[in-house]
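Okay, so here's the structure we're looking at.
The values are calculated or read from the model by the stated rules, or taken from the named source; none is laboratory data. Bear in mind the structure is a predicted one, so any value in this text is a computation, not a measurement. No Cβ is skipped: glycine too gets one built from the backbone with ideal geometry, and neighbour counts run over all protein chains shown.
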Amino acid sequence: MSTPAAAVLPPRTFRDVWLISAGHGLTHWYPATFYVLLPLIGKELGLSYTQIGFLMSAQHIAGALSNLPGGMIVDSIGKKGYLMAASLFWVGFPYALMSMTNSMWMLVICLMLVGIGNNLWHPAAIPTLAHQYPQRKGLVLSFHGMGGNIGEALAPLAAGSLLAWFSWREVVVINVVPGLVMAVLILVMVGALTTVRDGDKPRKEGVNAGSGSSNWNARQYLRDLGSLLRNRALMLICVSGGFRTLTQVGLMVFLPVYLAYEQGYSPIAVGVCMTVLQVAGLIAGPIAGHVSDKFGRRHVVLSSMVLTGLTIIGMVFAGQSFMFIVFVALVGFFLYAMRPVMQAWAVENTPKRLAGTGVGLQFTILAIGGSIAPATFGVIADAWGVYTAFYFLAGTIIAANLLVVFVPKDSERAVA
């Protein structure tokens, strides 16, 4: 008789969840710092809204191109712990190079390198967590997302505070220090992650599945990839997530620029606002993940998307009043609440042997959405005003909501 899925769950501990979530926080620390520095970089280099948008679109295009190959690497060679470590190094190093640039094109190259490294993380980390905790996917992926939120919440405050005393170039150099410390910690964590599984076959397979498989071949892999592309539920979830990412990236890139250029906020005030956004998301993730495990993914995603669109519109109308901060917090709460839920939903509709590729495909589509957002927002803001561009973002989350409606009702189940 086969062993029930629950019997192979790691007993009494979320140690692996905390280890991987901590690493995820580092992958988000540097991009979140850059968002606060971006208004100053834009002014020094004389960049328009359109040029700022192009910078960030280039990063997401690089991510879109690297996600699927990254997923294939994960499924074919395994060794997910080492791939996570490689991703962490690849994310941090290009930001140190930015301190030496006086050209927009050098910034583009650095950001594209970040996009490649950052998107190697998810195909390794998300399937590892989802398959070790099959009955609690929403919750553990929300903790993984919470790690990213913590990184994104602390980084703007740190960067905004440092900008009160240092130039953005000096801040970039100083910011290497926490990255180096975290890199050492992550190497220790990854070593522990590998060691823990040496005597535990079910859990070892969960981390290193795919390595050394004699049955793997490219032709069969391409057929399997084609089956993923024909999976209606998976593709609708992924494309809807792409629109959600479009909304998120547009806000993350241009909310600091809007606050600095249009509202006259100081760097530290900009950092506080971005931290409020992330703290709200940090609170929302575990709540939404747990509720979706109990009552289903669809209801959480639909309600979160509707409320995100409404709160973005409210944020625009609030102007410089105190309610602006309230709406920023609400946007962060509802926007980030759905992220781990959609990740869990996508994993449930992906065969386990293709887990890395499925996540790579999902994040490819997310990166495409992210690449569209900054350039489109910048063009709209330059042509018709920044407020019109925020209405555009509200419209994109409505489009995401409409796609979710067409996801098959029986999609909330694990695929063998």
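Of all residues being at pLDDT below 80 and small (G, A, S) in region 102-135, which is farthest from A85 (Cα to Cα)? Just the residue, please.
The residue in question is A130.
Are any of the residues in region 279-290 without any contact (Cβ under 8 Å) to a residue 12 or more places away in the chain and more than 18 Å from the chain's Cα centre (by Cα)? Give the steps one after another, and end with the answer.
Step one: of region 279-290, the residues without any contact (Cβ under 8 Å) to a residue 12 or more places away in the chain are none.
Within region 279-290, none of the residues are without any contact (Cβ under 8 Å) to a residue 12 or more places away in the chain and more than 18 Å from the chain's Cα centre (by Cα).
It is to be established whether one or more residues within region 90-101 are under 16 Å from the mean Cα position of the chain (by Cα), closer than 28 Å to V272 by Cβ, at pLDDT below 80 and not β-branched (V, I, T).
yes
I need every pair where a residue in region 12-40 that is farther than 20 Å from A124 by Cα has its Cβ under 6 Å from the Cβ of a residue that is outside any helix (DSSP H, G or I), sequence separation at least 6 or different chains.
So the pair list comes out as T33/N175.
Mind checking whether some residue in region 299-307 is closer than 21 Å to P31 by Cα, more than 20 Å from the chain's Cα centre (by Cα) and part of a helix (DSSP H, G or I)?
Here is the first cut: in region 299-307, the ones closer than 21 Å to P31 by Cα are none.
No, region 299-307 has no match at all.
Could you tell me which residue of region 266-278 is surrounded by the fewest Cβ atoms within 10 Å (Cβ to Cβ), considering only residues that are assigned to a helix (DSSP H, G or I) and over 20 Å from the mean Cα position of the chain (by Cα)?
Looking only at region 266-278, we keep the residues that are assigned to a helix (DSSP H, G or I), and these are 267-278.
Subsequent filtering for residues that are over 20 Å from the mean Cα position of the chain (by Cα) retains 267-270, 272.
Numbers: P267: 23, I268: 16, A269: 14, V270: 26, V272: 19.
Filtering first and then ranking leaves A269.
Can you tell me which residues in region 44-54 are assigned to a helix (DSSP H, G or I) and either surrounded by fewer than 24 Cβ atoms within 10 Å (Cβ to Cβ) or out of contact with any helix residue (DSSP H, G or I) (no Cβ under 6 Å at 6 or more places or on another chain) (or both)? Steps first, please.
At the first step, the residues of region 44-54 found to be assigned to a helix (DSSP H, G or I) are 44-45, 49-54.
Hits for region 44-54 are E44, L45, T50, Q51, F54.
Residues to consider are G285, G281; find the one that is within 24 Å of L403 (Cβ to Cβ) and touching a Pro at 6+ places or on another chain (Cβ under 6 Å). Explain how you work it out, then say what you get.
Details: G281 fails: touching a Pro at 6+ places or on another chain (Cβ under 6 Å).
The match here is G285.
Yes or no, residue by residue, for (1) modelled with pLDDT of 85 or more; (2) within 27 Å of L65 (Cβ to Cβ); (3) aromatic (F, W, Y); (4) out of contact with any Cys (no Cβ under 8 Å at 6 or more places or on another chain):
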| position | (1), (2), (3), (4) |
| --- | --- |
| I313 | no, no, no, yes |
| A318 | no, no, no, yes |
| V328 | no, no, no, no |
| Y336 | no, yes, yes, yes |
| P340 | no, yes, no, yes |
| Q362 | no, yes, no, no |
| G370 | no, yes, no, yes |
| T376 | yes, yes, no, yes |
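Rundown of residues vs (1) in contact with a strand residue (DSSP E or B) (Cβ under 9 Å, 6 or more places away or on another chain); (2) within 30 Å of Y133 (Cα to Cα); (3) without any contact (Cβ under 8 Å) to a residue 60 or more places away in the chain, yes/no style:
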position: I268; (1), (2), (3): no, no, no
position: G271; (1), (2), (3): no, no, no
position: G296; (1), (2), (3): no, yes, no
position: S303; (1), (2), (3): no, yes, yes
position: T311; (1), (2), (3): no, no, yes
position: F317; (1), (2), (3): no, no, yes
position: M323; (1), (2), (3): no, no, yes
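Restricted to region 228-265, and to residues that are of a type in the set (S, T, Y) and in contact (Cβ under 8 Å) with a residue 40 or more places away in the chain, which residue is surrounded by the fewest Cβ atoms within 10 Å (Cβ to Cβ)?
Step by step, filter region 228-265, then rank; the result is Y261.
Is there a residue being at pLDDT below 60, of a type in the set (S, T, N, Q) and over 13 Å from L354 (Cβ atoms) anywhere in region 220-242? Steps first, please.
First pass over region 220-242, keeping only residues at pLDDT below 60: none.
No.
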